[in-house]
Every structure is written in structure tokens, then in C-alpha cells.
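In what follows, a structure is listed as C-alpha cells, so that the remarks can point back to it.
Where a number appears in this text, it was derived from the coordinates with a stated rule and is not lab data. Please read these numbers as outputs of a predicted model, since none were measured by experiment. A quick note on method: Cβ atoms are made from the backbone with ideal geometry, for glycine too, and the neighbour counts reach across all protein chains shown.
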Amino acid sequence: MGINIMGMGSYLPEQQLTNDDFKKFIDTNDEWIRTRTGIYSRHMAGWEPAWYMGLKSAQKAIENAGIDPNEIGLVITSTITSDFLTPSIASIIQHEIGAYNAAAFDLGAACSGFVYAVDTASRFLDTDNSLKYVLVVATEALSRFVDFKDRGTCILFGDGSAAAVIEKSDKIFSSFLASDGGGAKKLFARNVQIAPEVKTENNFDDGFPEKPMHQLYQDGKEVYKFAVKALPKAFNSASEKIGIKSEDIDWFIPHQANVRIIETAAKNLGVSIEKFIVTLDHHGNTSSASIPLAFCEALEKGLIKRGQKLALIGFGAGLTYGSVILEY
Ligand code: COA
């Protein structure tokens, strides 16, 4: 059983920060950021909620798919930067788009989130015949969860959203999802605050480095080493299941973290970098929104066409990784 991506949509907040803008508050320069990461500029959400960005991209995806929102049976939102602990962003979007017959939940698999969500959508569609369309929305406002004094981290991330309307089809499809929680401490943001009335002294060591709440911490070098291995492994594990080779793939759409990670992965897979969609230069790392944002841009440019075979490959905090191979 495969899936058909009927329509996609994206949304990027207006404000952008270029590498030069960072010079105003940290000791950095454009040359360092470009050569180490490939990033030049990224969008910043400001006060725009993550759910609002998600709504905007979802509305475009629904319009492009040409469907009635009432026929969406499930909304899955991928995010690690939700505006609320509860409710889910998916429920807010479900209501705002008028998908009154849909179930809704958020999914958290960090930068692998879109891949996880598309695979989850395919499994729901496969097992529930009453389900017609699934809406997958990836929306992220990373700028609210980075320390703008940490020059090794803050320059990497950006905000944005992209969405896809998915239906069941008999096109080729394969997926592979994985997690290595042994690497959880290498990339995390704390979400715990104890009321002083409950306890004043922290007598529980959770084994994670002590870091401020709601600020992304990473061991950049370790994450880099993980990423260059995870990317080819995720693709190979998904492709082997259906006997597809890297040369059969028209476009690779990897998570957009660092151009050097993508170049190394392309080399390890023996694939020309020309076959990789790269948008991180002007998006930065938008976590789970990065793959569908790159996908949308490639569609708008006319690069990706119907009938082509695509490999979506994600990796990120968890540490999670995974790949979905599909026909567009
Ligand atoms: N501007 C200028 N100098 C900077 C800088 C910046 N923005 N950030 C760090 N530096 C400095 C460091 O302080 C260090 O200086 P020192 O040698 O005097 O101590 C030097 O540059 C090298 O830093 P280092 O951390 O070793 O650089 P690196 O080559 O490992 O690159 C990353 C850093 C973060 C770009 C790289 O490790 C990376 O991309 N890792 C993966 C991160 C990622 O993708 N995370 C999300 C995954 S989903």
C-alpha cells in the first residue's frame, strides 16, 4: 500500500535574520557561518504562534489538493516547539481549517517528525477504510527555544511550516523509522520547572547536563557525527525493503541541518549532490518543517514532477532518524 501526496503548502514568517544580523549580538561572521553550515539567512516567527504558521500552510495544502476539509479524517501535526503543553496544535488547526470530522494529535520526533508523520499517516490510511484524507502539518518556531548568546547553536535555526494532504494509493512506498535514545543527552531542551511550594532543592539527578529551561542544547560535533551516519542508513534501510537503488531515486529531500552533512551523505550514498534538494541556505534548520519546506520549494520551482521517485530522510533529537520513499 502506498500514498499519494495530493497537495502541499508552506508558510514562512516575514522577518528574516541574515548572518550579518547576528553580528549585532554575538561574536560571529558571515564567512564562519557559511563555510561551517551553508546557512545565509533564516525566517523568524516573532510572536506568530506555531499553530498559526501551521494553519497557513495547511490552508494552502488543502487548496492545492482541491478537497473539502470535512473529508479529512485525521490531522497529524509534527512539532517540538508547540505554543502549548496542551491542547495539541493539531486540534487547533483541525478546528480552524473546518476539518470537523477529523481526529487530531501532535507527534514529537524532532527533525525526523515529518518522516514519522507521513509514515504514521500511511499506516492509518492502510488500516482504516473509512479514512479518506490525512493532513500532515509540520510547524516549528525554533527561535523561541534557542539561546541567542550561544553562537554555536543560535545561528543554525529558523522558523516555518509546511503541510501535505495525503490519500491512499497503490504507488510505491517504503519507510524506515529508528531511534537511538542513548544519544538523548546530545540534543535536548528542558521542560521542567518545580513550584517552590513543592520542593526547593533538586535531589534528583536525571543524568542530563544542567541547562536552562526551554533552551536547545546540543553537542554539535557529536550530533554531526550521528547525522552523517544516520542519513545513509535511513535511506538504505527503507530502500532495501522494496529493492530500490539510490540511482532509481529522482530527488533526495534530506533534513536541512548543515550542507556539509548533506554533502557527506551524498558521497556515502554514491549520489550526485545535484539530486539533493537544498534550501537550508535561506531557511536554516527548521526542524521537522525543513523537509516539507524544501519539498514545497522544489515543487514551486518545477523540479519535482508527478511520477518521480522521492526519498525523504530525517534525523534529529532523540536521537531519531528515518526515511520514506514514495512516488510523487
Ligand atoms: N561564529 C564564529 N565562531 C564560532 C561560532 C560562530 N557562530 N560558533 C562557534 N564558533 C567557534 C567556536 O567557539 C570554536 O572556537 P575555538 O576553536 O576558539 O574554541 C570554533 O568556532 C570551532 O567550533 P566547533 O564547535 O568546533 O565548530 P564545528 O566545526 O564543529 O561546527 C557546528 C559547529 C554546530 C556548525 C557543527 O558541529 C554542526 O553543524 N553540528 C551539527 C549540529 C546540528 O545539525 N544540529 C541539529 C541536528 S537536527
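For this structure, a couple of remarks:
- Filtered by the rule that a residue be of a type in the set (Lys, Arg) and either over 20 Å from the mean Cα position of the chain (by Cα) or more than 15 Å from the ligand (Cβ to nearest atom) (or both), region 221-232 gives a lone residue, Lys221.
- Checking Arg151 against (1) of a type outside the set (Val, Ile, Thr); (2) away from the ligand (no atom under 12 Å from the Cβ); (3) assigned to a loop (DSSP other than H, G, I, E, B); (4) closer than 18 Å to Leu187 by Cβ, the condition it does not meet: (2)
- Some residue of region 219-235 being under 23 Å from Ala109 (Cα atoms), in contact with a Leu (Cβ under 6 Å, 6 or more places away or on another chain) and of a type in the set (Gly, Ala, Ser): no
- Listed conditions (1) assigned to a loop (DSSP other than H, G, I, E, B); (2) surrounded by fewer than 24 Cβ atoms within 10 Å (Cβ to Cβ) are all met by Ala99, apart from (2).
- Residue that is buried (at least 23 other Cβ atoms within 10 Å of the Cβ) and among the acidic types (Asp, Glu), where the choices are Glu140, Glu71, Glu31: Glu140
- Asp170 being of a type in the set (Asp, Glu) and either free of Cβ contacts under 8 Å to residues at least 40 places away in the same chain or surrounded by 24 or more Cβ atoms within 10 Å (Cβ to Cβ) (or both): no
- Each residue in region 56-115 was checked for being touching a residue at least 60 places away in the same chain (Cβ under 8 Å) and hydroxyl-bearing (Ser, Thr, Tyr), and 6 of them qualify.
- Counting only helices (runs of 4 or more DSSP H) wholly contained in region 233-328, the ones carrying 2 or more residues that are within 23 Å of Arg123 (Cβ to Cβ) and within 16 Å of the ligand (Cβ to nearest atom) occupy 290-300.
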